[in-house]
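The values are calculated or read from the model by the stated rules, or taken from the named source; none is laboratory data. Quick caveat: nothing in here was measured; it's all calculated off a predicted structure. Keep in mind that these areas ignore ligands, DNA and RNA; they rest on the heavy atoms of the full protein, side chains included. Shrake-Rupley method; radii C 1.70, N 1.55, O 1.52, S 1.80 Å.
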Amino acid sequence: MESKLLEIKPGELKFVFELKKQSSCSIQLVNKTHQHVAFKVKTTSPRKYCVRPNVGIVMPKSACEFTVTMQAQRSAPPDMMCKDKFLIQSTVVPASTADEDITPELFSKEEGKFVEENKLRVSLISPPVSPVLSPINEALKQGIIEPLPVRNHHGLFQVDFGKPEPVVPKAASPPKLVNGEQSPTADVKIKSAKEITVTKDAKVVEPYQKDINLCSKDNAAQMNQVEEKAERMKAKVVEPYVENINLCVKDEMKDMHLDEDVSERMNLIEGIAEIKTKLSELEAKIHKAEATIYDLTEARNLSNQEKDKLKEELALLKSRSGRKTVHDGFPLLFVVMVALISLTFGYLS
């Protein structure tokens, strides 16, 4: 099939990456054919992404969209490079097919069945940075430095008035002599710089003490209100997202289980085919061994027959040789008689 079933826009998934924040991206599938096309979305990181919907049917000469949501991440990848990938499988289905009829077996590559596959990469984009003017910078520009509230270890706000400048006492003038005697003003004690600083701190802080107490009470009430608002916002905003995430995880786990079942079946079929081939090879070897054994038994029988023939021939030869010795030999008495006759003729002559 030369023409594409689905046209994918855009050809890449782009997410605005922010730490501890979700990011979403939409993909449009355009069916330019006159047939109903079913699609399925897979990813290499199913726990990291949520796809809605991950399966569906695109009508002829129409388009549909699915949304991919990247879950909040605690750390950024090095160099903002993401190796995750998505696979979109599509195939032609009858017009009566519903979304519930879409199964993993529908996208298995059987003989004579066309399954189109498109891979999408994931790219991460940094969020735009917008500078914000802080109140401290603005105060510095205006030349005004006001005491800013600082949170102490009790969670309340306190006012930092800065360090007071140390007051250095002027050198006392020498006592005046009246009629050769020391003036009574010479008994006046000169206060040290530390005592003067503490006194000044007390005078500066006392007018603000009541305001600090009131601020602490107001801050405690405000903190309670903020906590209540946060709980309400959590109930309204966070919990629906948590439910959606759980649903996404359940659906992805179902798809994973289905894919695992299909892969297990395919592996089982391949194992059975391998066992069949091994059995056929073993049967061929057994037949060959049987033929070899038959040939060896035939050869052994022939050798036994030849051995029996040789034994018979050897027995015949032995019997023949024994008969010749009996017929060809002379008896001992005959030999003695011939010897005596020869001796007698010898003496007579």
- Hey, if we sort 87, 120 by accessible area with the 1.4 Å probe, largest down, what's the order? 87, 120
- Query: Considering only Cα-Cα distances, which of the following residue pairs are longer than 21 Å: 288/309; 4/113; 14/119?
  - Reply: 288/309
- Query: How would 119, 14 rank on accessible area, largest to smallest, probe 1.4 Å?
  - Reply: 119, 14
- Item | Phi to ³J(HN,Hα) by Karplus 6.51 cos²θ - 1.76 cosθ + 1.60 over region 272-279, Hz, x for Gly, Pro | 5, 4, 5, 5, 4, 4, 5, 5
- Query: residue 279: accessible area at probe 1.4 Å, nearest 10 Å²?
  - Reply: 90
- Task: Please list the non-local residues whose amide H lies under 5 Å from the amide H of residue 45, H modeled 1.01 Å from N, same-chain partners needing a gap of 5 or more.
- Result: 85
- Estimated vicinal HN-Hα couplings, Hz - region 293-301 in sequence order (Karplus 6.51, -1.76, 1.60; Gly, Pro = x): 4, 4, 4, 5, 5, 4, 5, 5, 4
